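The values are calculated or read from the model by the stated rules, or taken from the named source; none is laboratory data. Everything numeric in this text was worked out from a predicted model, so none of it was measured. Cβ placement follows ideal geometry from the backbone for every residue including glycine, while neighbour counts extend to all protein chains displayed. Surface areas here come from the heavy atoms of the whole protein model, side chains and all, with no ligands, DNA or RNA. Shrake-Rupley method; radii C 1.70, N 1.55, O 1.52, S 1.80 Å.
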Amino acid sequence: MSVSRIPARISTRAALAGGIALSSVVLLSGTAFAHVSVQPQGEAAKGGYATVNIKVPNERDNASTVKLEVNFPLDHPLASVMPQPVPGWKAEVTKSKLDKPLELHGKKINEAVSKVTWTADGSGIASGFFQTFPLSLGQLPEDVDQLVLKSIQTYSNKEVVRWIEEQKEGAEEPQNPAPVLKLSAASDDHHGGGATAPSATATASAGEKAGHDGKAGDHEEKAAAASSSSSSSDTTARILGVIGILVGVAGVAFGVLAGRRRSA
């Protein structure tokens, strides 16, 4: 083996390795960041209301995204789904009849939002960019931990990608996973659900009682001692005042007597 052939082989292997690594990065970047997803702004608590963003990246180099459909489950219906206006896009809200009426704020609702569709007025989402579509949702269900929002993405070249595959426990992530909104535990201060939050005064009283539970007797003893000490102080002050007056009177009398003796 000649010395001149070694560098050539090494460079060839290095080029192949570099090409494989570059291909892996391109493939991974194309699959890891191309999913349509839903992200809450703050908390999405059970029984409450939330604002969420539907995030839509463009995964094609030769087409732009011109349409998005987001579907809402009717087995856990949402009475209120309101899209925020997005410049360059037109939003359409579709409602469907419910098999079982939904009760909200004492009223029965016979239909709920089943789909929101955004259609681009212009060029849509270009390659290498993403767009967020804000939604106000409520009242969120209390008997599930998540909502699956199956979505359909349409490109300018008429290609359609269905983000509708649900993640199976213990299985690998599907090729086209559906966006999933995770719901947090119900809170007492969410709008439209939960117990009414106690007033500040009641909360403070409860906190004080909880913080000093079992020590009420000590507080009463201290209060009694403080009262007794204050009473004693008042009595002492009065006695001293009377003594002072008597001393003053005695002094005046002594002065008068002394004057009379000198005159005599």
Query raised in the report: Given H placed 1.01 Å from N in the peptide plane, which residues other than close sequence neighbours of ALA44 have an amide H under 5 Å from its amide H?
Result: SER184
Report summary line: Within the stretch 102-172, DSSP-loop GluC sites (Glu not before Pro) with at most 13 other C-beta atoms within 10 Å are GLU159, GLU166, GLU169, GLU172
Requested in this report: At 1.4 Å probe size, with every protein chain present, just tell me what the per residue accessible area of the stretch 85-168 comes to in Å².
Outcome: 61 Å²
Requested in this report: Could you check how much of the accessible area of the stretch 83-192 is carbon and sulfur, as a whole percent, using a 1.4 Å probe?
Outcome: 47 percent
